[in-house]
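The values are calculated or read from the model by the stated rules, or taken from the named source; none is laboratory data. Source: prediction; values computed, not measured. Here the Cβ positions follow ideal geometry from the backbone for every residue, glycine too, while neighbour counts run over all protein chains shown.
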Amino acid sequence: MRISRLVTAAALAAVALWSLNLPAAADPDGATAEGADRAVPVDQSLRTLATRHNVRVGTAVDMSAFTNDTQYRERIATEFSAVTAENVMKWQLLEPERGVFNWGPADQLVESARQNHQLVHGHTLLWHNQNPTWLTDGVASGEITPDELRAILRQHIFDVVTHFKGKVWHWDVVNEVIDDSANLRNTFWLANLGPGYIADAFRWAHEADPTVTLYLNDYNVEGINAKSDAYYALVQQLLADGVPVRGFGAQGHLDVRFGNYTAFQVAENLNRFADLGLETSLTEVDVRMNLPPDATKLNAQTQAYGALLLGCLVAKHCVMFTVWGYTDKYSWVPGFFTGQGAANLLTETFEPKFAYREVQAILAYSR
Ligand code: G3I
């Protein structure tokens with residue numbers, strides 16, 4: 001009896017030792033069988049998962065959908081820790097008549113963000129699109145002279161930045177000012193004001209609110225290429241001139257057929273801006289495809305979302321990963337690219353795609 005108890009105890013101890021030693025002996029990096037139980041935390045929101053990282057996960061918000069679609073509005077609150085106005089902070093919508101502002105929809109978004117503990121990425125103070133006709137027609141007819149245009153720009157930046165002072169985390173001060181050939185974009189801003197308008201816009205925004213982080217923002221600059229090289233040179237010049245540029249935004253509008261990256265390529269590019277002292281963000285991520293979607297295209301989309309997110313997470317100072325809308329129900333893509341769409345993380349009925357699960361998995365398990 002006694003002997004048999006001893007034998008049993010010894011056998012159990014041997015089994016215990018064997019099981020304790022096995023992982024270390026089999027895998028010097030300490031992997032254990034527990035790994036087999038890991039699963040994508042499907043019940044956790046992106047904002048919850050992102051708290052492990054010093055990164056905000058954001059979405060662009062369509063204010064018309066926000067007002068009319070409860071499911072859309074509620075999901076923004078639970079899923080995201082940052083928001084960007086898809087349209088309502090643009091000049092055309094904020095100042096439809098000269099000196100007459102329509103703050104309502106933007107204020108509504110900012111207030112909702114405050115209530116939901118979200119940060120606001122301001123988009124955008126200066127762009128060549130979505131300007132009010134009083135401005136574009138006035139410039140085209142010569143009614144607004146270059147000197148007057150400069151004064152109008154200064155006033156607009158002052159009014160808008162002052163209005164949202166203390167409520168906005170970042171401003172896209174200038175949007176898409178370099179073209180696809182890596183030259184300063186030939187816009188009415190450049191034609192009338194000369195290249196110095198970029199530095200002026202940053203200085204005026206900084207005067208109005210010295211605490212807000214001021215960004216350059218553009219598409220096709222996620223990896224190192226001629227266009228992002230041009231931004232790198234522009235930032236170096238602006239900093240040498242004492243211009244308060246503090247952030248670089250890579251939009252991340254991709255197409256499954258081209259322009260996709262690896263995480264390393266994204267981080268390599270973002271890091272060179274960080275080395276100049278800038279913070280970086282992915283500001284407008286979506287990945288479109290020719291409709292209808294199929295498994296191959298959805299897999300390519302998943303890879304693209306994953307590479308952009310992981311690139312941000314492993315980069316030195318990437319603070320935000322924002323998607324340009326989160327459901328295919330409301331997307332700018334079909335209206336701009338005939339026959340294309342399905343660019344977002346959720347389907348039109350708010351079902352998660354592979355890409356959404358990938359984003360969850362990366363947030364849960366990367367570094
Ligand atoms: O508000 C009017 C509405 O009254 C009218 O009935 C309707 C008819 O077309 O148009 C509505 O305005 C549209 C506006 O979005 C609001 O929905 C404009 O036509 C349409 O051109 C505009 O598109 C926006 C686009 O910028 C303008 O270039 C998209 O929603 C918006 O997603 C897109 O966002 C840009 C970023 O700001 C910068 N980076 C690229 C990105 C995608 O193009």
Inset, instruction - State whether one or more residues within region 136-146 are within 16 Å of the ligand (Cβ to nearest atom) and under 24 Å from M320 (Cα atoms). - result: no
Legend entry - Residue, nearest to the ligand (Cβ to nearest atom), within region 303-335, restricted to residues that are over 21 Å from G249 (Cα atoms) and assigned to a helix (DSSP H, G or I): G335
Inset, instruction - Would you mind stating whether E284 is free of Cβ contacts under 8 Å to residues at least 40 places away in the same chain, within 25 Å of N87 (Cα to Cα) and either within 13 Å of the ligand (Cβ to nearest atom) or charged (D, E, K, R) (or both)? - result: no
Inset, instruction - Please work out which residue is surrounded by the fewest Cβ atoms within 10 Å (Cβ to Cβ), limiting yourself to region 205-230 and to residues that are closer than 14 Å to V173 by Cα and in contact with a Leu (Cβ under 8 Å, 6 or more places away or on another chain). - result: H206
Inset, instruction - For W103, state whether it is more than 16 Å from the ligand (Cβ to nearest atom), over 19 Å from the mean Cα position of the chain (by Cα) and in contact (Cβ under 8 Å) with a residue 40 or more places away in the chain. - result: yes
Inset, instruction - List the helices (runs of 4 or more DSSP H) that sit entirely inside region 148-257 and contain at least 2 residues that are in contact with a His (Cβ under 9 Å, 6 or more places away or on another chain), within 16 Å of the ligand (Cβ to nearest atom) and more than 16 Å from L270 (Cβ to Cβ). - result: 188-193
Inset, instruction - Looking only at region 101-120, decide whether some residue is more than 19 Å from K165 (Cα to Cα), at pLDDT 95 or above and not in a helix (DSSP H, G or I). - result: no
Inset, instruction - Would you please list the contacts, defined by Cβ atoms under 8 Å and residues six or more apart or on different chains, that run from a residue in region 123-137 that is within 17 Å of V88 (Cβ to Cβ) and of a type in the set (F, W, Y) to a residue that is part of a strand (DSSP E or B) and away from the ligand (no atom under 11 Å from the Cβ)? - result: W127/V174
